[in-house]
Amino acid sequence: MRTYQIAVVVGSLRKESLNRKFAEALVRIAPEEFSCKQVQIGDLPHYHQDEELHPVDPVRRLKREIEGADGLLFVTPEYNRSIPGVLKNALDQGSRPYGQNAWAGKPAGIVGVSVGAAGTAMAQQHLRNILAYLDVPVLGQPEVYIQAKEGLFNEDGGIGEASKGFLQSWMDRYAAWVALHAASR
């Protein structure tokens with residue numbers, strides 16, 4: 001059985017981030033052939049075009065981890081109706097210099113959780129627009145806009161029973177998406 005390397009990109013740096021907790025819970029329902037690793041983005045310097053030809057160690061590490069991945073899982077909060085700046089910075093760092101886009105061709109899934117009723121719908125749409133330009137095929141359906149409510153997580157930090165069926169169904173579709181694209185690479 002093939003093992004798929006999945007780069008998990010959490011768009012929040014906060015220690016107690018709902019989205020980090022959500023990412024960790026999703027990884028627990030991933031298929032056994034998925035080896036998931038959170039990619040650190042908090043140590044990346046601000047993208048600066050004058051420095052892109054001489055990237056610092058954190059940028060080189062990010063690009064290596066993305067290039068080594070078979071798939072991408074983005075778990076993002078929504079800040080001011082868009083993606084967090086730290087996530088945009090990671091996307092910029094990984095895609096530059098022109099012609100050296102580490103993200104290109106990597107199949108992706110996008111999810112997010114928020115205390116708001118709309119979940120992270122706007123952030124996810126903005127992220128889809130950016131990823132389309134970066135040549136990242138994104139799983140279109142089902143969409144996952146989760147409102148953080150009592151019972152989303154169970155006592156041990158996993159996905160609670162009320163959401164488990166839907167999220168497992170999404171994970172199964174995402175796994176098939178990754179396998180489909182990995183087979184054609």
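The values are calculated or read from the model by the stated rules, or taken from the named source; none is laboratory data. The structure presented is a predicted model; accordingly, all values stated were derived computationally and were not measured. For neighbour counting, all protein chains shown are included, and Cβ atoms are generated from backbone atoms with ideal geometry for every residue, glycine included.
Among the residues of the range 128-184, which ones are touching a residue at least 24 places away in the same chain (Cβ under 8 Å) and at positive phi? Residues satisfying the conditions are Asp135, Gly157. Evaluate the following for Ala179: is it at pLDDT 95 or above, in a helix (DSSP H, G or I) and either surrounded by fewer than 15 Cβ atoms within 10 Å (Cβ to Cβ) or of a type outside the set (Phe, Trp, Tyr) (or both)? Criteria met by Ala179. Please work out which residue is farthest from the chain's Cα centre (by Cα), limiting yourself to the range 46-60 and to residues that are outside any loop (DSSP other than H, G, I, E, B) and exposed (fewer than 10 other Cβ atoms within 10 Å of the Cβ). Ranking the candidates gives Asp50 first. For the range 69-100, a residue qualifies if it is at positive phi and in contact (Cβ under 8 Å) with a residue 40 or more places away in the chain, and exactly one does: Arg81. Taking the criterion of being over 25 Å from Ala179 (Cα atoms) and acidic (Asp, Glu), the residues of the range 61-99 that qualify are Glu78, Asp92.
Apart from one condition, Trp103 fits all of (1) touching a residue at least 60 places away in the same chain (Cβ under 8 Å); (2) within 22 Å of Arg185 (Cα to Cα); (3) of a type outside the set (Val, Ile, Thr); the exception is (1). Of everything in the range 105-122 that is modelled with pLDDT of 95 or more, in a loop (DSSP other than H, G, I, E, B) and surrounded by 15 or more Cβ atoms within 10 Å (Cβ to Cβ), the residue that is farthest from the chain's Cα centre (by Cα) is Thr120.
Is it fair to say Leu91 is hydrophobic (A, V, I, L, M, F, W, C) and buried (at least 21 other Cβ atoms within 10 Å of the Cβ)? If you could, list the steps in order and put the result at the bottom.
Working: hydrophobic (A, V, I, L, M, F, W, C): yes; buried (at least 21 other Cβ atoms within 10 Å of the Cβ): yes.
Yes; evaluated as a whole, the condition is true for this residue.
Summed over the range 123-161, the residues that are touching a Gly at 6+ places or on another chain (Cβ under 6 Å), hydrophobic (A, V, I, L, M, F, W, C) and assigned to a loop (DSSP other than H, G, I, E, B) give a count of 2. Does Gln93 meet the test of being at pLDDT 95 or above and farther than 21 Å from Val144 by Cβ? Criteria met by Gln93. The set of residues in the range 1-48 that are of a type in the set (S, T, N, Q) and in contact with a helix residue (DSSP H, G or I) (Cβ under 8 Å, 6 or more places away or on another chain) comprises Ser12, Gln38, Gln40.
Looking at Gln100, is it outside any loop (DSSP other than H, G, I, E, B) and either modelled with pLDDT of 95 or more or in contact with a Leu (Cβ under 9 Å, 6 or more places away or on another chain) (or both)? Considered against the rule, which asks whether it is outside any loop (DSSP other than H, G, I, E, B) and either modelled with pLDDT of 95 or more or in contact with a Leu (Cβ under 9 Å, 6 or more places away or on another chain) (or both), Gln100 comes out as no.
Just to be sure, is Ile66 of a type in the set (A, V, I, L, M, F, W, C), in contact with a helix residue (DSSP H, G or I) (Cβ under 6 Å, 6 or more places away or on another chain) and not in a helix (DSSP H, G or I)? Spelling it out, it is not the case that Ile66 is of a type in the set (A, V, I, L, M, F, W, C), in contact with a helix residue (DSSP H, G or I) (Cβ under 6 Å, 6 or more places away or on another chain) and not in a helix (DSSP H, G or I). Of all the residues in the range 18-45, those that are closer than 18 Å to Val111 by Cα and either part of a loop (DSSP other than H, G, I, E, B) or of a type in the set (A, V, I, L, M) (or both) number 11.
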